[in-house]
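Some notes on the structure that comes next.
Read-outs throughout are calculated quantities, based only on the coordinates presented, and are distinct from any laboratory measurement. Being a predicted model, the structure only gives us computed values, none of them experimental. Backbone-built Cβ (ideal geometry, glycine too); neighbour counts: all protein chains shown.
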Amino acid sequence: MSPFLLFGGVLLAVATVAGADTPVPIDAGIKTHYSQSPDALLQEQVAFLDNLLRFVKPVSVLHEVDDGPLFDPDTQEIWMPVSFSDSIKEYFDDANAPVADVYFHTLMHEVGHVLLNQYSLPLLAREEDAADALATVLLLEYVDDGARIALNAANMFGYESEQYEWFEESDFWSEHSLKIQRYYITLCHVYGSDPDTHSDIVNDEYGLSEERAASCEQEYMRIRSGWLGVLKPYLKR
Ligand SMILES: [Zn+2]
């Protein structure tokens, strides 16, 4: 056997082994489960995700729950409690609080946990940051007016951060980045996705500094290609 053929055989064997480790992207679907008063808005958002992504195990989105938002890997349930819409309304202190927008970003964040879990995707830093990044990438790449939705979700992080008068140890050992960091990173990714359109995000009042903004385009492009790259077998479009 020539060295070339041997080399080719090794490559083939590696590809076969790698293929065997990849879960088959069957379409188990994501569905809402309500016992009463279904929220049409949440149903629409879940249907959008069902049309976008393949899931290897069925995922249920529950609304009439006491805790969350969260993803439970044991039951493959996403909990999106009714109380979450109440707190969005409180934080924005406005009859026009962007409940649907914050919900959508949060639902996509939870779906990030689902995908990482179901497909054992590589994790190169904190899972919570990866889930936030996925939500922003999916909104920006697949949803009309996704930038506005992501910015409203960022504003929710901003309002939540205003509730802190001081930090406790638990804020720093939490799995999540601080709310104020989640605010700025989301601004950075929206700005980085299209700096010309979103130049107003760079400002001295609650916006990005020019120093931070300078790296956002490259950062967003790498995160976008990272997430869309690993999701390629699981995206329906
Ligand atoms: Zn999370």
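Listed values, structure above:
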| item | result |
| --- | --- |
| Amide H partners (placed H, <5 Å) of residue 61, local residues excluded | 31, 32, 33, 78 |
| Under 19 Å from the Cα of residue 89 - aspartates and glutamates, other chains or at least 8 residues apart | 39, 64, 66, 67, 101, 160, 162 |
| Segment 30-234: antiparallel DSSP beta bridges as a percent of all, rounded to 5 | 25 |
| Dipole in debye (nearest 20) - segment 30-234, about Cα centre, beta carbon charges: Lys, Arg +1; Asp, Glu -1 | 1060 |
| Prolate/oblate/rounded call for segment 125-208, Cα gyration tensor, a/c under 1.5 rounded | oblate |
| Segment 49-149 - Kirkwood radius from inverse mean 1/r over Cα pairs (Å) | 14.3 |
| J(HN,Hα) series, segment 132-139, from Karplus relation 6.51 cos²θ - 1.76 cosθ + 1.60, nearest Hz, glycine and proline x | 4, 5, 4, 4, 5, 4, 4, 5 |
| Charge dipole of segment 114-208 about the Cα centre (unit charges at C-beta), most positive-ward option of 198, 124, 151 | 124 |
| Kirkwood Rh in Å, taken over all unlike Cα pairs in the chain | 19.3 |
| Along the chain, longest interval not containing exposed GluC sites (Glu not before Pro), exposed being DSSP loop plus at most 15 other Cβ atoms within 10 Å | 65-161 |
| Cβ-based exposure ranking for 230, 56, 111, in which fewest neighbours within 10 Å come first | 230, 56, 111 |
| Full-extension gain in nm, residue 230 to residue 209, via 0.36 nm per residue minus C-alpha separation | 4.5 nm |
